[in-house]
Ligand SMILES: Nc1ncnc2c1ncn2[C@@H]1O[C@H](COP(=O)(O)OP(=O)(O)OP(=O)(O)O)[C@@H](O)[C@H]1O
Ligand SMILES: [Mg+2]
């Protein structure tokens, strides 16, 4: 990097040096912006862990919350029930709707369907919560129930599964498709034997992502699922859930009982589950990428 | 395969007007009974649109079409169940809170994510970029209520004891950063809400900006480089120019998310009903009002109606923001990076 | 097997034992050739023989594909363009490139041509002068002089390609590499570009990759024939087309494959 005048390349102007230097600085400095997001992320994980781990024990998982502490049994089972209901509903709707959009719908209808899905994903959670309260709690006279919470949550999850299913069915390689129909397969046979095996892993990633999102939602459940200090006993009983427990206890004074610790433990569990789901999604996506690369060459 | 991946000839010609979502090419099969399958599956694909309509219908119905008159947009929020005549349901304070938090958060998130996306696309080696993208993605997966408890228990004391007094004494001359030290209170307030909100919006905007930078044809990028531009110059003069619609839409979709974020903001914003005199001050947003007062509204019909109408307004505004944002987007853009690792990308 | 046509004046650009690998696959095999100054050098050969890779190696564009590995030397006026102290940015200033499809930026005609000049923050009237002369040299000026602020994307394909050439010329390169620059154009647009290239060659050395054998015969002074990554034959265009020394060359130019 000497500043001697070069007869062949002829570049020694200050402007030239500034340009090259700017490029070099930016290429080093810009990635440092990642610190601005990585640092808070790690700080959050660190603190949640630090507050939760010292008091986390087997009892946490096996006892119910009480006024002064206890464990997370009821919220854990509640979250599992809610996710089971909402995944079953949103999964069915999302997969079938995605299949229709990718496979049967005219381009117009397909793009309308996609628009609907994408816009639904943008509806604020609290608005869906209000909707769930009126539509499923009040007007049905069910009251706050596990099933009302599950259905409300599923509205939130549908767009994610719908979109991945749509993409997954829509991206079955054309030659696979033509080969199937060329051999005289019916549409049903094609969907079952050819499209589904190819699309399934990808749909699964959509389902896991939707589960991670549903798991972390609070607002749609606050006015639909109710609350319960013991595990829900049926679809029509009220239920607690992990996010709700945090919501309830986050502002509890630290010197009064162990509610705050319990809230942190719930947060810790949620993070662990979310990270686990993310890892699973990545593993599936990775395997899937490799498999598809073969198909697309 | 006769085109080589290096000569740019496989890239479709530059076209600015690729705003419509690109449907997969129509692929009609030569045979197959379409009717039955289509009829059975069609209704479910209308469900999302149906839900949107149902939300409007139910909220309208639940509001009794009550007309609060002009005072609805006024600054006085004064629900009084005992004396309905003197009660006032002005939502201006909350609207201002929403606008302030969302605008600031989206501005920060936008700037940050443009930098992150440029790094991911242009400056970081592939494997490192993938790992970092995963971390950003993880940020999107953290539940709001977890952000909330972290903000309330961990960050708020730090804000109250260290950050905000320091800002106040060093940058107090700037608008919003000065004021009385009383405003700092427990550390909850506008500033903390903006910070938490920024973190929550950044993954979405980063993924979207990254995708729109990636949509810049390779051939254009190479043309810039072939003219003797540095990578940074190409980013500035080609990518950012070409992708500006996509960036605009990323910001709008980020705004859509920020406007509706409820739980985390509620936990860290302080929830005073007033216009915030400083960035440290506690205030409220429309979403925090909706979540904070619904319980008590069960027995006060007027308050319930007011809240429902506010919910409807929030819904319509976010819907509009999303519709506009999506008009500039080529992809569905749910903003999950993992979703994007699909076969289209894998194949190229 | 392959030797430069004439060892006359020093070549502006030369390769010595240039190989490019994609993994273990050798897509360019020890190619040594010399590009004479201020002439048109055509590079012909069947699809996939490595023409694009060859010229992309000549201005370090190959480096943009991290999966490719380069061996051998490329010299510009005797200087190794891959030497560690040489920046690719400088190389590409001296050795410009035009692609197969027109790649205009979504800006005005004027701003497209000014792109390279803006990087150096030149004075606006200097920029303007260069824009006009570059458009002239590319034979486009008369067609667009009415409105230089029109979006470049509103031009026809042939005009866009000439705009790309003007844009490349504006930064005053000594060598211009064209990768099948007329392949996507109709015969009239192609003819215009060929005429323009013949006029240009007094000022710039041109390397013209082409699928079109007739175009190579019509326009070039020197032709190189590439086959499966190897340089089979290189020589004065007239000689190569009238009396090819290699069987492969003959087979290709008489249309038996490719
Ligand atoms: N980045 C790459 N990775 C792997 N293989 C490559 C890469 N670039 C080129 N190749 C392969 O190298 C060979 C030569 O490619 P190149 O594009 O140079 O040929 P070409 O002569 O320009 O062909 P065409 O006439 O079709 O443009 C081809 O077989 C191509 O598939
Ligand atoms: Mg080529």
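Could we say that residue B:275 is at pLDDT below 90 and either buried (at least 24 other Cβ atoms within 10 Å of the Cβ) or over 22 Å from the mean Cα position of the chain (by Cα) (or both) here? Steps first, answer last, please.
Details: at pLDDT below 90: no; either buried (at least 24 other Cβ atoms within 10 Å of the Cβ) or over 22 Å from the mean Cα position of the chain (by Cα) (or both): yes.
Judged against the criteria, residue B:275 is not a match.
Considering only the stretch C:156-173, state which residues are more than 9 Å from chain B (Cβ to nearest Cβ), part of a loop (DSSP other than H, G, I, E, B) and within 14 Å of residue C:111 (Cα to Cα).
Scanning the stretch C:156-173 gives no hits.
Could you say which residue among A:123, A:109, A:96 is assigned by TED's automatic domain parsing to the domain that holds residue A:239 and within 30 Å of residue B:307 (Cβ to Cβ)?
On the way: A:109 fails: within 30 Å of residue B:307 (Cβ to Cβ); A:96 fails: within 30 Å of residue B:307 (Cβ to Cβ).
Of A:123, A:109, A:96, the one residue that is assigned by TED's automatic domain parsing to the domain that holds residue A:239 and within 30 Å of residue B:307 (Cβ to Cβ) is A:123.
Out of the stretch C:76-97, which residues are under 12 Å from residue C:175 (Cβ atoms) and more than 8 Å from chain B (Cβ to nearest Cβ)? Walk me through it before giving the result.
So in the stretch C:76-97, the residues under 12 Å from residue C:175 (Cβ atoms) come out as C:76-77, C:81, C:91-97.
Listed by number, the residues that qualify are C:76, C:77, C:81, C:91, C:94, C:95.
Filter the stretch C:100-112 for residues that are touching a helix residue (DSSP H, G or I) at 6+ places or on another chain (Cβ under 7 Å) and within 10 Å of chain B (Cβ to nearest Cβ); which is farthest from ligand 2 (Cβ to nearest atom)? If you could, list the steps in order and put the result at the bottom.
Within the stretch C:100-112, the subset touching a helix residue (DSSP H, G or I) at 6+ places or on another chain (Cβ under 7 Å) is C:101-110, C:112.
From the residues that got through so far, the ones that are within 10 Å of chain B (Cβ to nearest Cβ) too are C:101-107, C:112.
Details: C:101: 11, C:102: 16, C:103: 15, C:104: 20, C:105: 22, C:106: 25, C:107: 27, C:112: 23 Å.
Here the answer is C:107.
Counting only residues that are part of a loop (DSSP other than H, G, I, E, B) and at the interface with chain B (Cβ under 8 Å from one of its Cβ atoms), which one in the stretch A:81-124 is nearest to residue A:168 (Cα to Cα)? Give the derivation first.
The first filter runs over the stretch A:81-124 and keeps only residues part of a loop (DSSP other than H, G, I, E, B), leaving A:105-106, A:122-124.
Adding the requirement that they be at the interface with chain B (Cβ under 8 Å from one of its Cβ atoms) leaves A:105, A:122-124.
Details: A:105: 15, A:122: 22, A:123: 24, A:124: 27 Å.
So the residue we want is A:105.
Residues are listed down the side, and each one gets a yes or a no for (1) closer than 27 Å to residue A:6 by Cα; (2) in contact with a helix residue (DSSP H, G or I) (Cβ under 8 Å, 6 or more places away or on another chain); (3) away from ligand 1 (no atom under 14 Å from the Cβ); (4) in a loop (DSSP other than H, G, I, E, B):
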{"residue": "C:20", "(1), (2), (3), (4)": "no, yes, no, no"}
{"residue": "C:28", "(1), (2), (3), (4)": "no, yes, no, no"}
{"residue": "C:33", "(1), (2), (3), (4)": "yes, no, yes, no"}
{"residue": "C:56", "(1), (2), (3), (4)": "yes, yes, no, no"}
{"residue": "C:63", "(1), (2), (3), (4)": "yes, yes, no, no"}
{"residue": "C:71", "(1), (2), (3), (4)": "yes, no, yes, no"}
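Among the numbered criteria (1) closer than 27 Å to residue C:138 by Cβ; (2) within 16 Å of ligand 2 (Cβ to nearest atom), which single criterion is violated by residue C:47?
Here residue C:47 meets the rest and fails (1).
Looking only at residues in the stretch C:36-54 that are within 24 Å of residue C:10 (Cβ to Cβ) and in contact with a helix residue (DSSP H, G or I) (Cβ under 8 Å, 6 or more places away or on another chain), which one is surrounded by the most Cβ atoms within 10 Å (Cβ to Cβ)?
C:43
Hey, any hits in the stretch A:237-257 for a residue that's touching a strand residue (DSSP E or B) at 6+ places or on another chain (Cβ under 7 Å), in the same structural domain as residue A:129 (by TED's automatic domain parsing) and surrounded by fewer than 23 Cβ atoms within 10 Å (Cβ to Cβ)?
Yes; the residues of the stretch A:237-257 include at least one that is touching a strand residue (DSSP E or B) at 6+ places or on another chain (Cβ under 7 Å), in the same structural domain as residue A:129 (by TED's automatic domain parsing) and surrounded by fewer than 23 Cβ atoms within 10 Å (Cβ to Cβ).
Is there a residue in the stretch C:131-154 that is assigned to a strand (DSSP E or B), touching a residue at least 60 places away in the same chain (Cβ under 8 Å) and within 14 Å of chain B (Cβ to nearest Cβ)?
No, because not a single residue in the stretch C:131-154 is assigned to a strand (DSSP E or B), touching a residue at least 60 places away in the same chain (Cβ under 8 Å) and within 14 Å of chain B (Cβ to nearest Cβ).
Which of the residues that make up the stretch B:138-175 are more than 14 Å from every other protein chain (Cβ to nearest Cβ) and crowded, with 18+ Cβ neighbours inside 10 Å?
B:160, B:164, B:167, B:168
State whether the residues of the stretch C:135-147 include one that is away from ligand 2 (no atom under 16 Å from the Cβ) and within 18 Å of residue B:222 (Cα to Cα).
Of all residues in the stretch C:135-147, those away from ligand 2 (no atom under 16 Å from the Cβ) come to C:135-147.
Subset that is within 18 Å of residue B:222 (Cα to Cα): none.
No, because not a single residue in the stretch C:135-147 is away from ligand 2 (no atom under 16 Å from the Cβ) and within 18 Å of residue B:222 (Cα to Cα).
So which residues in the stretch B:115-134 are crowded, with 24+ Cβ neighbours inside 10 Å and more than 8 Å from every other protein chain (Cβ to nearest Cβ)?
Of everything in the stretch B:115-134, those that are crowded, with 24+ Cβ neighbours inside 10 Å and more than 8 Å from every other protein chain (Cβ to nearest Cβ) turn out to be B:117, B:120.
Can you find even one residue in the stretch A:133-142 that is at the interface with chain B (Cβ under 7 Å from one of its Cβ atoms), within 17 Å of the chain's Cα centre (by Cα) and part of a helix (DSSP H, G or I)? First the steps, then the outcome.
Restricting attention to the stretch A:133-142, the residues satisfying the condition of being at the interface with chain B (Cβ under 7 Å from one of its Cβ atoms) are A:134-135.
Then drop every residue that is not within 17 Å of the chain's Cα centre (by Cα), which leaves none.
No, the conditions are met nowhere in the stretch A:133-142.
Among the residues of the stretch B:253-272, how many are in contact with a helix residue (DSSP H, G or I) (Cβ under 7 Å, 6 or more places away or on another chain) and surrounded by fewer than 23 Cβ atoms within 10 Å (Cβ to Cβ)?
Going through the stretch B:253-272, the residues in contact with a helix residue (DSSP H, G or I) (Cβ under 7 Å, 6 or more places away or on another chain) turn out to be B:253-269, B:271.
Subset that is surrounded by fewer than 23 Cβ atoms within 10 Å (Cβ to Cβ): B:271.
Selection size over the stretch B:253-272: 1.
Output the qualifying pairs, or none if there are none: Cβ atoms under 6 angstrom, residues six or more apart or on different chains, first residue in the stretch C:85-103 and over 19 Å from residue B:217 (Cα atoms), second residue within 16 Å of ligand 2 (Cβ to nearest atom) and assigned to a loop (DSSP other than H, G, I, E, B).
Pairs that qualify, where the first residue is over 19 Å from residue B:217 (Cα atoms) and the partner is within 16 Å of ligand 2 (Cβ to nearest atom) and assigned to a loop (DSSP other than H, G, I, E, B), are C:91/C:59; C:92/C:59; C:95/C:59.
The values are calculated or read from the model by the stated rules, or taken from the named source; none is laboratory data. Everything numeric in this text was worked out from a predicted model, so none of it was measured. For neighbour counting, all protein chains shown are included, and Cβ atoms are generated from backbone atoms with ideal geometry for every residue, glycine included.
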